[in-house]
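Here the structure comes first, spelled out in structure tokens, and everything after it is commentary.
Each reported figure results from applying straightforward, stated rules to the coordinates on display, with no laboratory input. Keep in mind the model is a prediction, meaning the values are calculated, not measured. Here the Cβ positions follow ideal geometry from the backbone for every residue, glycine too, while neighbour counts run over all protein chains shown.
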Amino acid sequence: MAMPLPRYVVFGEALTDMVRQADGSWLGLPGGSCWNVARVAARLGLATAFAGAVSQDLFGDELAGAGAEAGLDGRFLQRVARSPLLAFVASRHPPRYFFVGDDSADLHFDPARLPAGWREAAEVVHFGSISLVRQPLAARLCEEATQAARAGKRIAFDPNFRDLMRTPGYAEMLAHMLGLAAYVKVSDEDLAGLFPGLETGAALARVREMAPGATVMLTRGAHGMTLLEGNTAVEQAAMRVDVADTVGCGDAAMGGWMASVLGDGAADLIAQARLASAAAAVAATRAGPYPPLRREVDALLAATAGTPATAAAGRP
């Protein structure tokens with residue numbers, strides 16, 4: 001009997017972070033925003049696939065293996081005889097990084113090779129990060145988003161701003177994706193990059209104008225998050241944990257949010273915000289982009305049951 005197709009399909013990039021260590025050596029860690037989001041959702045129990053391409057070398061092997069370990073549907077991952085996409089992280093504080101990936105495997109992802117019937121089975125289809133600025137992949141993904149929206153699928157979008165997006169063509173891509181989106185996650189840092197010169201509130205208002213039908217999540221790191229839908233705003237404080245680092249916390253929040261949206265049809269905005277916050281908090285307790293287990297998230301939710309999120313009317 002064939003395995004059912006996933007409810008949540010995440011398109012985008014998987015890459016290897018080459019992180020400079022104190023002694024000058026480099027540590028390779030599998031990652032990539034979209035791939036991280038997919039792993040989190042899968043580990044939280046949501047039937048999830050990562051739709052992207054990776055190399056056929058040891059870097060691709062590590063990404064494929066970690067994805068399979070998280071429970072991702074392997075039918076959506078493509079292996080391509082091209083070089084790997086690498087992100088060299090020279091410094092985290094302040095962030096300094098650059099990408100190496102000319103004609104790399106991610107750019108050769110072919111949507112025509114996806115399993116038959118995937119779009120009909122999917123409920124939410126996710127896009128974002130640098131995959132939407134790296135051509136020719138970006139054009140293919142833009143078309144996939146358009147087709148999925150036309151098919152009545154809910155589009156999730158996390159821009160995950162990076163310096164690569166400081167190009168004239170990205171503004172058009174941003175407007176198109178926001179116009180399609182049912183769910184948008186942005187951080188305060190994303191807003192500063194996407195709308196330079198605007199303070200956070202004004203930039204958030206711009207996003208909501210460009211995505212009038214979307215529920216929007218604004219994350220602010222240790223200062224918590226806000227979930228906005230229509231005239232309702234839910235405020236969720238950051239959950240207190242012992243922080244190892246914050247790498248991948250935004251991706252964990254996104255994956256946790258979608259796990260709540262799709263995992264419990266009765267989950268209201270408060271429940272969605274709490275699960276997203278808990279997923280991000282658990283991720284922060286481990287070094288690197290850690291995808292939390294459902295039992296870890298549930299344990300933190302139980303431990304913080306006395307400090308729920310709060311909802312208020314009024315459009316910020």
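Quote the convex hull volume per residue of region 57-120, based on C-alpha atoms, as a whole number of Å³.
Numbers: hull volume 8.1 nm³, N = 64.
Dividing the Cα hull volume of region 57-120 by its residue count gives 127 Å³.
Of the candidates GLN56, GLN147, GLN272, which one comes out as most mobile in a Gaussian network treatment of the chain with C-alpha springs shorter than 10 Å?
Per the Cα network of the chain with a 10 Å cutoff, GLN147 tops the list.
Please report, in Å, the Rg and the Dmax of the chain, where both are computed over Cα atoms only.
18.2, 55
Considering only the other residues whose Cβ falls under 14 Å of the Cβ of ARG140, what net charge follows from Lys and Arg at +1 and Asp and Glu at -1?
Working: positive: ARG113, ARG134; negative: GLU13, ASP106, ASP110, GLU143, GLU144.
That sum, taken over residues with Cβ under 14 Å, equals -3.
So which residue, out of TRP118, TRP257, TRP35, gets the largest mean-square fluctuation from a GNM of the chain using Cα contacts under 10 Å as springs?
TRP118
For the chain, set up a Gaussian network in which alpha carbons nearer than 10 Å are linked by springs, and say which option among ALA42, ALA202, ALA14 fluctuates the most.
ALA202
Kirkwood-based Rg over Rh for region 178-277 (C-alpha set), two decimals?
Taking Rg over the Kirkwood Rh, I get 0.95.
Using alpha carbons only, how many angstrom separate the centre of region 234-287 from the centre of region 151-204?
Each part reduced to its Cα centre gives a spacing of 20 Å.
Sorted from fewest to most neighbouring beta carbons within 10 Å, what does the list MET239, MET177, MET3, MET210 look like? Display every interim value, and only then the final one.
On the way: MET239 19, MET177 24, MET3 10, MET210 16.
Ascending number of Cβ neighbours within 10 Å: MET3, MET210, MET239, MET177.
Looking at the chain, what % of its DSSP beta bridges pair antiparallel, to the nearest 5? Present the calculation step by step, with values, prior to reporting the outcome.
Details: 25 of 53 bridges.
In the chain, DSSP labels about 45 percent of beta bridges as antiparallel.
Give me TYR170, TYR8 ranked fewest to most by other Cβ atoms within 10 Å of their Cβ, as a rough exposure proxy.
Ascending number of Cβ neighbours within 10 Å: TYR170, TYR8.
Report, in deg cm²/dmol and to the nearest 500, the calculated mean residue ellipticity at 222 nm for the chain, where each DSSP H run with n ≥ 4 adds -39500 (n - 2.57) and the sum is divided by the residue count.
Theoretical 222 nm ellipticity from helices: -11000 deg cm²/dmol.
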